[in-house]
Amino acid sequence: MNKDRDLEFLKMTIKMAEENVLSGHGGPFAAIIVKDGEIIATGVNSVTSELDPTAHAEIKAIRNACKTLDSYQLTDCDIYSSCEPCPMCLGAIYWSRPKRIVFAANKRDAAQAGFDDSFIYEQLKLPINQRKIETIEIMLDDKTLPFQKWNNYNSKIDY
């Protein structure tokens, strides 16, 4: 992708994010997924309107793009986001395996607007027993049975 096209798609995400705020539908975030220079999916934040903490723009765009492509991977796709993806979205982006992520505002800009993810980044660095949300691992004898079944399942689709 060339810089002019990158700028064009980023400006589109910013416009979508602005419109999303004005609609009252959700937060100031939008994402576009592009393959071969064509938009294949979009998404805007709808956390508050859908009462869904996972309804971030990037997640919604990934879901829409995967349906469009009939695939669980975004091979050779570019994800354009109005803002640097949060930890949840970044995880989903890596799982979907696009070619690139291009964003406009960064996480410091988001934090200044009240969308501060630094707490999550800090929590991820801590040992499980020191995290804010109590996290308990219980050792069961058959805890790896699902993985054993997976490894022996002949019809599995590796991802």
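The values are calculated or read from the model by the stated rules, or taken from the named source; none is laboratory data. Everything quoted here is computed from the prediction, not taken from an experiment. Neighbour counts are summed over all protein chains in view; Cβ atoms, including those assigned to glycine, are modelled from backbone coordinates with ideal geometry. Please note that ligands, DNA and RNA were not included when accessible areas were found on the heavy atoms of the full protein model with its side chains. Shrake-Rupley method; radii C 1.70, N 1.55, O 1.52, S 1.80 Å.
Solvent-accessible area per residue in the chain equals 67 Å², computed with a 1.4 angstrom probe and all protein chains kept. Of the GluC sites (Glu not before Pro) found in the range 31-134, the ones in coil according to DSSP and having at most 15 other Cβ atoms within 10 Å of their Cβ are E134.
With respect to the chain, whose longest principal axis is taken over its alpha-carbon atoms, helix 57-69 is tilted by about 80°.
Our compactness index for the range 98-159, the C-alpha radius of gyration over the empirical 2.2 N^0.38 Å, is 1.82. A 1.4 Å probe, protein heavy atoms only, puts the accessible area of I136 near 120 Å². Across the accessible surface of the range 69-137, with the other protein chains kept in place and a 1.4 Å probe, carbon and sulfur atoms take up 54 percent. Antiparallel as a % of all DSSP beta bridges within the chain, to the nearest 5? If I count the DSSP bridges inside the chain, around 70 percent turn out antiparallel.
Set the Cα radius of gyration of the range 2-116 against 2.2 N^0.38 Å, with N its number of residues, and you get 0.97. The P(r) of the range 59-100 has a tail past 13 Å containing 48 percent of all C-alpha pairs. Taking amide H atoms as placed 1.01 Å from N in the peptide plane, the amide H of C83 lies under 5 Å from those of A30, A104, A105, each 5 or more residues away in sequence or on another chain.
Computed from backbone phi with θ = phi - 60° and the Karplus coefficients 6.51, -1.76 and 1.60, the 3J(HN,Hα) list for the range 75-87 is 4, 6, 9, 10, 10, 10, 10, 5, 8, 3, x, 6, x Hz; x is used for glycine and proline.
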